[in-house]
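Undergrad: Here it is: the structure, laid out below.
The values are calculated or read from the model by the stated rules, or taken from the named source; none is laboratory data. Everything numeric here is computed off the predicted structure, so don't read it as measured data. Reconstructed Cβ throughout: ideal geometry from the backbone, glycine too, with neighbour counts over all protein chains shown.
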Amino acid sequence: MIIILLGPPGAGKGTQAKVISRKYNFKHYSTGDALRHEVQYNTELGIKARKYMDEGALVPDSVIAEIVKAHLADNENVLLDGYPRNITQAQDLDIILSSLNRSIEYVFYLETDDEIIIRRLSSRRVCPECGRIYNIISMPSKKVSMCEDDDNVLLQRKDDHEDVIRNRLKVYHNETHPLVAYYNERGILHKVNGEKDIKPLMADISCVLDGGVSNGN
Ligand code: AMP
């Protein structure tokens, strides 16, 4: 089964992907995490991707299609987080899935207001070692500027600075948001409220996956 989480950066896709994939035994695949891993290890792909990521721009579609294809071929139940990001990628994904004789069952659209995104992302901090995510307003570390798990100093992602966030949102509205209509036309889109806290939002997604209907409020 393939599930897609769609929505602006900072809508909570990563957090929901973690809890949902744990609950339903899905493989969580985030193209953002996969690219950051490549950047961290200075691979050929990482070197190519870095300049786009630092500006909040999209990495070229052909580069992304290769890494996604390999992952889908290796895993049965996958929850895609951050892919597809534009219509070309959605079409690439259709081709990849039809070559594997598989299809997308659910697309969850986490609708979230831009100002909430800017507030959430500019206060996000990440542990460079274990990847644990904090928020200096809503979920601060008990050790202030250090990770509670391993005492590393928490960092702000380069693309979580306000000017880059605004650019990421512009890219989202121009390129990614049209996918809402793309999947809605197929009858597989479920709108949920990305402004809710982690647990009630997860409950809305679970309700759909368990066979119920979420009203998106
Ligand atoms: P994310 O963590 O999903 O917000 O992704 C961080 C950055 O990685 C994005 O701003 C893009 O530069 C790049 N990226 C992640 N996923 C994709 C994708 N599907 N297509 C192109 N670029 C991507």
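Undergrad: Would you kindly identify the helices (runs of 4 or more DSSP H) lying entirely within segment 29-139 that contain at least 1 residues that are more than 19 Å from Ile4 (Cβ to Cβ)?
TA: 31-40, 44-55, 61-74, 114-122
Undergrad: Within segment 155-163, is there a residue that is modelled with pLDDT under 95, surrounded by fewer than 15 Cβ atoms within 10 Å (Cβ to Cβ) and under 29 Å from Leu93 (Cα atoms)?
TA: There is at least one residue in segment 155-163 that is modelled with pLDDT under 95, surrounded by fewer than 15 Cβ atoms within 10 Å (Cβ to Cβ) and under 29 Å from Leu93 (Cα atoms).
Undergrad: Considering only residues that are more than 13 Å from the ligand (Cβ to nearest atom) and either among the aliphatic types (A, V, I, L, M) or surrounded by 15 or more Cβ atoms within 10 Å (Cβ to Cβ) (or both), which ones fall in segment 19-67?
TA: Of everything in segment 19-67, those that are more than 13 Å from the ligand (Cβ to nearest atom) and either among the aliphatic types (A, V, I, L, M) or surrounded by 15 or more Cβ atoms within 10 Å (Cβ to Cβ) (or both) turn out to be Val19, Ile20, Ser21, Tyr24, Phe26, Ile47.
Undergrad: Got a sec? Which of Arg120, Arg85 is at pLDDT below 95, under 15 Å from the mean Cα position of the chain (by Cα), surrounded by 18 or more Cβ atoms within 10 Å (Cβ to Cβ) and within 14 Å of the ligand (Cβ to nearest atom)?
TA: Of Arg120, Arg85, the one residue that is at pLDDT below 95, under 15 Å from the mean Cα position of the chain (by Cα), surrounded by 18 or more Cβ atoms within 10 Å (Cβ to Cβ) and within 14 Å of the ligand (Cβ to nearest atom) is Arg120.
Undergrad: Quick one: how many residues across segment 140-179 are part of a strand (DSSP E or B) and in contact with a strand residue (DSSP E or B) (Cβ under 9 Å, 6 or more places away or on another chain)?
TA: Counting residues in segment 140-179 that are part of a strand (DSSP E or B) and in contact with a strand residue (DSSP E or B) (Cβ under 9 Å, 6 or more places away or on another chain) gives 4.
Undergrad: A follow-up question, please. Would you check if there is a residue in segment 178-193 being in contact with a Pro (Cβ under 8 Å, 6 or more places away or on another chain) and either over 24 Å from Leu5 (Cα atoms) or within 14 Å of the ligand (Cβ to nearest atom) (or both)?
TA: Yes, that holds for at least one residue.
Undergrad: When only residues in segment 179-196 that are more than 16 Å from the chain's Cα centre (by Cα) and of a type in the set (Lys, Arg) count, which is farthest from Leu110 (Cα to Cα)?
TA: In this case the residue turns out to be Arg186.
Undergrad: Which of the residues that make up segment 124-154 are surrounded by 17 or more Cβ atoms within 10 Å (Cβ to Cβ) and polar (S, T, N, Q)?
TA: Result: Ser141, single match.
Undergrad: Can you confirm whether Glu195 is part of a loop (DSSP other than H, G, I, E, B) and either hydrophobic (A, V, I, L, M, F, W, C) or over 25 Å from Val39 (Cβ atoms) (or both)?
TA: yes
Undergrad: Name the residue, out of Ser30, Ser99, that is of a type in the set (Ser, Thr, Tyr) and over 26 Å from Asn167 (Cα atoms).
TA: Ser99
Undergrad: With over 15 Å from the mean Cα position of the chain (by Cα) and either of a type outside the set (S, T, N, Q) or more than 25 Å from Ser138 (Cβ to Cβ) (or both) as the only criterion, which of Ala70, Ala17, Ala34, Ala11 stands out?
TA: Ala70
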